[in-house]
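The values are calculated or read from the model by the stated rules, or taken from the named source; none is laboratory data. Just so it is clear, the structure is predicted and the values come from calculations on it, not from any experiment. A quick note on method: Cβ atoms are made from the backbone with ideal geometry, for glycine too, and the neighbour counts reach across all protein chains shown. Surface accessibility is based on the protein's heavy atoms, side chains included, excluding ligands, DNA and RNA. Shrake-Rupley method; radii C 1.70, N 1.55, O 1.52, S 1.80 Å.
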Amino acid sequence: MDLSKHAFFEGKIVPLSEANINIATHGFLYGTSIFGGMRSYWNEEKKRLFVFRPYDHFRRLLHSAKMMSMRTEYDEESLIDLTLELLRTDNWQRDIYMRPTFYKADLGIGVKLHDLKDEFCMFVMAFDKYVPNDTNAHVTVSSWRRIDDNVIPARGKVAGAYVNSALIKTDANRSGFDEALVLDNNGHVSEGSAMNIFMLRDGVLVPPPVTDNILEGITRKSIIELARNELGLEVLERSIDRTEVFIAEEMFMTGTAAQITTVTKVDHRPIGAGVMGPVVTKLRILYEDILRGKNRNYEHWNVAV
Ligand code: PMP
């Protein structure tokens, strides 16, 4: 992995090799850290790097921190400033992924959230595609269930909860699938291992609602806006049944890492014609331009480094 030379750790930028935590750290022992996953895209013509929707990412990060009883002096603006400083330090000139994390930093044993010290850190890495088959993914319905919001905050990015995602991803891949659809405890399709899902049914774009144990994805939110405003599509947030996806016209998954991944088969059944459909094709083209700062109407989503 092509990791950053520097990281933000314990209040300052340091060489990555010095950004280490002790093995007795609470966040490591109990998964009591929360994180974000953000991307920056390189625009070759403008010779500039654009961070995609950092305000929204840090807002969600601070919400996750709140759910885990973390306290911090940072706000969205100061986190953006610190991110820009870190990116400038390593002078990145390619597509990258940023991983900001808040963690319970006390050393020792004791399962709780209160009266513990919270720390912030961030590193960066070079990043390209996350799902190799992103134009024709074959997914399965996972035998694992998505974590329920009454078990671990489903709308928070809690590190410990990613054991669920890891089980889902590994079992799907080992069975020969690119990804998985994950049902929640009510049997509704919630999302993928680390991406939100959309289906097109009878011409209406349907994402599961935020109350179906999904992570409230920044990509999801962006796609809903683009589908309505640029494609003139009706978007209806509602629960999705398992068998509905078999008869959908189109299906795709969205995430910072996954971007827009087209699903063309679910458990060996073709979605629509079994090839990438017109709606997802249009969204992918539109989205790619926006990410690289090439679409004037959505410049406000990007922050130039
Ligand atoms: N669901 C889960 C569980 C995720 O980890 C992610 C990736 N952050 C997403 C959905 C997609 O969210 P976003 O578009 O904000 O990256």
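Tabulated results
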| item | result |
| --- | --- |
| Any hit, region 92-100, residues being touching a helix residue (DSSP H, G or I) at 6+ places or on another chain (Cβ under 6 Å) and open to solvent by 70 Å² or more (accessible area, probe 1.4 Å) | no |
| Residue list for region 144-179, restricted to those being more than 27 Å from Lys66 (Cα to Cα) and away from the ligand (no atom under 12 Å from the Cβ) | Trp144, Thr170, Asp171, Ala172, Asn173, Arg174, Ser175, Gly176, Phe177, Asp178 |
| Residues satisfying the stated conditions in region 62-77, i.e. open to solvent by less than 60 Å² (accessible area, probe 1.4 Å) and in contact with a helix residue (DSSP H, G or I) (Cβ under 9 Å, 6 or more places away or on another chain) | Leu62, Met70, Thr72, Glu76 |
| Of all residues making up region 5-41, the number that are under 19 Å from the mean Cα position of the chain (by Cα) and either within 21 Å of Tyr162 (Cα to Cα) or away from the ligand (no atom under 16 Å from the Cβ) (or both) | 9 |
| Single condition Asp241 does not satisfy, out of (1) out of contact with any Gly (no Cβ under 8 Å at 6 or more places or on another chain); (2) under 18 Å from Val263 (Cβ atoms); (3) away from the ligand (no atom under 16 Å from the Cβ); (4) not aliphatic (A, V, I, L, M) | (1) |
| Filtered residues of region 184-209 (kept if of a type in the set (Gly, Ala, Ser) and more than 13 Å from the ligand (Cβ to nearest atom)) | Gly187, Gly203 |
| Region 210-220, residues that are buried (at least 21 other Cβ atoms within 10 Å of the Cβ) and either away from the ligand (no atom under 12 Å from the Cβ) or not hydroxyl-bearing (Ser, Thr, Tyr) (or both) | Asp212, Asn213, Ile214, Leu215, Gly217, Ile218, Arg220 |
| Scope region 70-96; condition closer than 15 Å to Phe120 by Cβ and touching a residue at least 24 places away in the same chain (Cβ under 8 Å); matching residues | Met70, Arg71, Thr72, Tyr74, Leu79, Ile80, Leu82, Thr83, Glu85, Leu86 |
| Evaluation of Lys117 against (1) over 22 Å from Ile260 (Cα atoms); (2) without any contact (Cβ under 8 Å) to a residue 24 or more places away in the chain; (3) in the same structural domain as Asp212 (by TED's automatic domain parsing) (one fails), failing number | (3) |
| Positions within region 237-250 being in contact with a Leu (Cβ under 7 Å, 6 or more places away or on another chain) and not basic (Lys, Arg), in sequence order | Val245, Ala248, Glu249, Glu250 |
| Output for region 12-44, where each listed residue is surrounded by fewer than 15 Cβ atoms within 10 Å (Cβ to Cβ) and without any contact (Cβ under 8 Å) to a residue 12 or more places away in the chain | Lys12, Pro15, Ser17, Glu18, Asn20, Ile23, Glu44 |
| Contacts under 9 angstrom Cβ, first residue in region 214-239 being within 15 Å of Glu250 (Cα to Cα), partner within 8 Å of the ligand (Cβ to nearest atom) and not in a loop (DSSP other than H, G, I, E, B), 6 or more apart | Ile223/Asn196; Ile223/Thr254 |
| Test result for Ala248, within 16 Å of the ligand (Cβ to nearest atom) and either touching a strand residue (DSSP E or B) at 6+ places or on another chain (Cβ under 6 Å) or over 17 Å from Pro209 (Cβ atoms) (or both) | no |
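Results for (1) part of a helix (DSSP H, G or I); (2) surrounded by 17 or more Cβ atoms within 10 Å (Cβ to Cβ), shown as yes or no for each residue.
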{"site": "Ile197", "(1), (2)": "no, yes"}
{"site": "Ser222", "(1), (2)": "yes, yes"}
{"site": "Arg228", "(1), (2)": "yes, no"}
{"site": "Thr243", "(1), (2)": "yes, no"}
{"site": "Met253", "(1), (2)": "no, yes"}
{"site": "Val275", "(1), (2)": "no, no"}
{"site": "Thr281", "(1), (2)": "yes, no"}
{"site": "Arg284", "(1), (2)": "yes, yes"}
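For (1) within 16 Å of the ligand (Cβ to nearest atom); (2) out of contact with any Gly (no Cβ under 6 Å at 6 or more places or on another chain), each residue gets a yes or a no:
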| site | (1), (2) |
| --- | --- |
| Glu230 | no, yes |
| Met253 | yes, no |
| Lys265 | no, yes |
| Gly272 | no, yes |
| Val280 | yes, yes |
